[in-house]
1. Per the chain: cysteines with no other Cys C-beta under 4.7 angstrom?
2. So what's the net charge close to Lys41: Lys and Arg +1, Asp and Glu -1, counting the other residues with Cβ under 11 Å from its Cβ?
3. Using Cα centres only, tell me the gap between the range 146-198 and the range 254-323 in whole Å.
4. Taking the Cα centre of each part, how many Å lie between the range 32-99 and the range 353-390?
5. Could you run the Karplus curve 6.51 cos²θ - 1.76 cosθ + 1.60 with θ = phi - 60° over the range 248-255 and give me ³J(HN,Hα) per residue in whole Hz, x for Gly and Pro?
6. Which of Glu103, Glu173 comes first, and how do the rest follow, when ranked by fewest Cβ neighbours within 10 Å?
7. Tally the DSSP beta bridges in the chain and give the antiparallel ones as a percent, rounded to 5.
8. Provide the FRET efficiency to the nearest 0.05 for the Asp43-Asn331 pair, computing r from the beta carbons and using R0 = 25 Å.
Amino acid sequence: MQVLRSLLFLFLVINLNAQTEFEKYFEKKTLRLDYTHAGNKTDDFYYFSTLIEEPHWGGPVKNLIDPFNYGKYKAEVYDAVTGKLIYSKHYSTLFSEWQTTDEAKTVNKAFEESVVFPFPKAPVKVTISTRLKDQSFVKKFEMTIDPKNYFIKKDRDNVYPSFKVVNNGDPGEKVDIVIIPEGYTSKEMDQFKKDCSRFAQYLFNSSPYKENKTSFNIWRIEAPSRQSGTDIPAEKIYVNTAAGTSFYTFDEERYLMTEEYNAVRDLAANAPYDQIYILVNTDKYGGGAIYNYYATCVNFNIYSEYVFVHEFGHAFAFLADEYYTSSTAYNDFYPLGVEPLEANITTLVNFESKWKDLVKEDTPIPTPATKEFEKRLGAFEGGGYVAKGVYRPKQDCSMNSISVDNYCTVCKRAIQRMIDYYTGK
């Protein structure tokens with residue numbers, strides 16, 4: 001009993017110290033730094049745009065330093081006086097994907113991007129670093145920000161009402177998902193409300209989300225579009241919508257994304273959030289997601305539930321696509337001489353850092369895709385958009401084929417670790 005009391009006391013002290021750390025440096029609202037990210041296949045440049053104060057902070061208040069070595073970029077916030085690192089976040093962007101396309105070989109292009117962090121009480125230094133091919137980081141942007149700067153915008157664009165779809169408590173201790181309506185007119189807001197409830201249930205139909213339902217809050221923003229649907233350029237369909245989404249991103253028909261990232265951030269700011277989900281009002285198959293950026297899904301397709309959960313795996317837990325037979329616009333997305341950062345694929349360069357601890361000793365590595373190993377974890381060749389040299393943990397998984405509630409053990413572990421991070425465990 002005495003040991004149990006001691007452990008409980010230690011847990012309370014750790015949590016109190018973490019909470020005190022947040023209160024020492026930050027207020028419970030957001031500072032958003034907008035910038036333009038431009039370049040080509042080999043070069044990238046950052047250009048500051050504006051600072052915006054937003055009313056909510058939905059991120060963690062205990063785990064302020066990102067423990068995951070994921071994503072293409074890293075934003076860090078330092079106390080300007082002491083130089084202490086007080087907040088960090090890893091992420092990827094549409095620009096980082098575009099750099100792997102053929103277009104990036106011959107064209108320079110600019111994208112809207114931003115980073116958000118809790119509003120500082122005192123001056124801070126913000127840095128943004130880009131990951132190199134060897135997976136090290138190089139600092140590309142640095143800016144000192146005084147929170148008393150009167151050029152920080154207080155007025156906000158795209159202010160709309162927000163409503164709770166799933167409410168389980170303090171946003172600082174939950175995973176907060178904000179759902180943005182895309183291509184829903186004002187007359188279709190009732191449909192959007194129903195869709196949000198339906199898609200929330202889709203998420204909790206799958207493990208490990210169903211076992212962690214009380215760790216999530218889900219919000220919906222009632223932001224109507226002028227027109228219904230979304231752009232389908234190859235069919236000469238162009239629609240005026242709130243977030244500016246379009247099929248045929250990178251000329252891939254099913255890839256449904258938006259380059260209007262400032263508008264997406266504006267809409268999301270109407271609620272506290274960790275993850276942004278754009279729900280698009282169309283029955284055409286498609287979607288997309290980028291880590292700590294946003295995810296998209298369509299509302300009226302036979303595969304909508306699968307797409308919703310699959311894409312959230314990308315955006316939330318940095319899970320890789322495990323399929324390798326579908327076409328993509330990417331070139332050399334996973335160099336074979338480097339171990340990928342994603343938890344659910346490997347080049348076997350450093351398999352020990354992945355799921356080797358979960359594989360039975362008598363399982364051969366690489367693992368043949370035969371009936372004998374159908375239910376086992378192993379290293380099955382084919383994944384990350386290529387048939388050779390990249391390996392996935394299981395023959396089938398929700399990150400591989402169209403299947404619901406079918407995350408493999410490796411994916412479930414990665415998702416659970418992310419849930420624990422956001423909830424302060």
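1. Cysteines of the chain left without a disulfide-compatible partner: Cys196, Cys297, Cys411.
2. Values: positive: Lys105, Lys109; negative: Asp43, Asp44, Asp102, Glu103, Asp332.
Taking every Cβ under 11 Å from that of Lys41, the sum is -3.
3. 15 Å
4. Distance between centres, Cα-based: 34 Å.
5. Coupling constants for the range 248-255: 6, 4, 6, 6, 9, 3, 7, 7 Hz.
6. Details: Glu103 14, Glu173 19.
So the residues, fewest neighbours to most, are Glu103, Glu173.
7. Details: 57 of 75 bridges.
For the chain, the DSSP antiparallel bridge percentage is about 75.
8. Values: r = 16 Å, r/R0 = 0.66.
It comes out at approximately 0.90.
Throughout, read-outs are computed from the coordinates displayed, never taken from laboratory work. Since the structure is predicted, the reported quantities are computational estimates derived from the model, not experimental observations. Note: ideal-geometry Cβ built from the backbone for every residue, glycine included; neighbour counts use all protein chains shown.
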